[in-house]
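Just below is one structure, and these are the notes that go with it.
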Amino acid sequence: MARKKTTNMYFGPEQEEAVIRFLGEEDPDVRNKIYYHHLMHPLNKMIESIIRRYKLYRKDIAFEDVHADTLSFLITKFDKFKPEKGKKSYSFFGTICKNYLLGQLIKYDKMSKINLSYEDVYTHVNNRDDMIYYIDNYEVKLDSLMGDIILGIKEELITGNLNENEVKVGHAIVTIFENWETLFEKVDSGNKYAKNLILSYVRDLTGLSTKDIRLSMRKFKKMYFFIKDDKINKGLL
């Protein structure tokens, strides 16, 4: 006998309509009533399901604290949802929660894994052909370029149509770029080694294979070249 499929309707049409009413209501008391009567339980359930389904637990924080932190972050992003675009708030909120949870997990992993010594990483990657990327020698203002790339990736993580691996790689790139000076302060062996080191860090932060990282990097590489060429054309580099 075939197993009967079940549907999860804790966030259905009633909740979608409640989100629209919540966003359009200016009276704080009415907004609170809408939230507590129609949205609080569904949002709690959604976050719990995301944490458990994608195993986005934290070793250093209790499940209840991870849940509460994620809910607090989601509430700050509520007004980013635009009903007029015809999208479902459930999908939008779910994406925000997944990206935030993954980002926090990557930051935690970075603290516990990314403190590799220069010598350890050099031994592991310096002579690996499959871990070599090449970049040009064009002199650019890295701070400006990286800042624009970070903003572009963060926006893509929230609004873009990314698969799970692309989300992991996106968060890893942001983490690396935001800590660039600290991570690469001892690197003086040229572009080839620096690129090897970046790939090694991405592997540590995401747990993905080199092949999966290369595939997931394609969208972000296109973004890099687009932003770089645009800044060059505008005379900003």
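Points to keep in mind about this one:
- A crude spin-label estimate for the pair Ala68 and Lys234, with each label 7 Å from Cα along the Cβ direction, gives 4.3 nm.
- Cut-off 17 Å (backbone N to label point 7 Å along Cα→Cβ of Trp180), residues of segment 204-220: 220
- Taking a Cβ cut-off of under 13 Å around Asn163, the surrounding Lys, Arg, Asp and Glu residues balance to a net charge of 0, with basic ones at +1 and acidic ones at -1.
- Gyration tensor (Cα) of segment 13-105, equivalent ellipsoid semi-axes in angstrom: 24, 14, 11
- Neighbour-count order for Met9, Met146, fewest beta carbons within 10 angstrom listed first: Met9, Met146
- Shown in residue order for segment 211-225 are the 3J(HN,Hα) couplings computed by the Karplus curve 6.51 cos²θ - 1.76 cosθ + 1.60 at θ = phi - 60°: 4, 5, 5, 4, 5, 6, 7, 4, 5, 6, 5, 4, 4, 4, 5 Hz (x for Gly and Pro).
- Neighbour-count ranking [beta-carbon atoms within 10 angstrom, fewest first] of Arg203, Arg214, Arg21: Arg21, Arg214, Arg203
- Each of Leu74, Leu101 was scored by other Cβ atoms within 10 Å of its Cβ. Arranged with the fewest first, they read Leu74, Leu101.
Computed from the coordinates by the stated procedures, all read-outs in this text should not be read as laboratory data. No experiment lies behind these values; they were computed from the predicted model shown. Note that we place each Cβ from the backbone using ideal geometry, even for glycine, and neighbour counts take in every protein chain shown.
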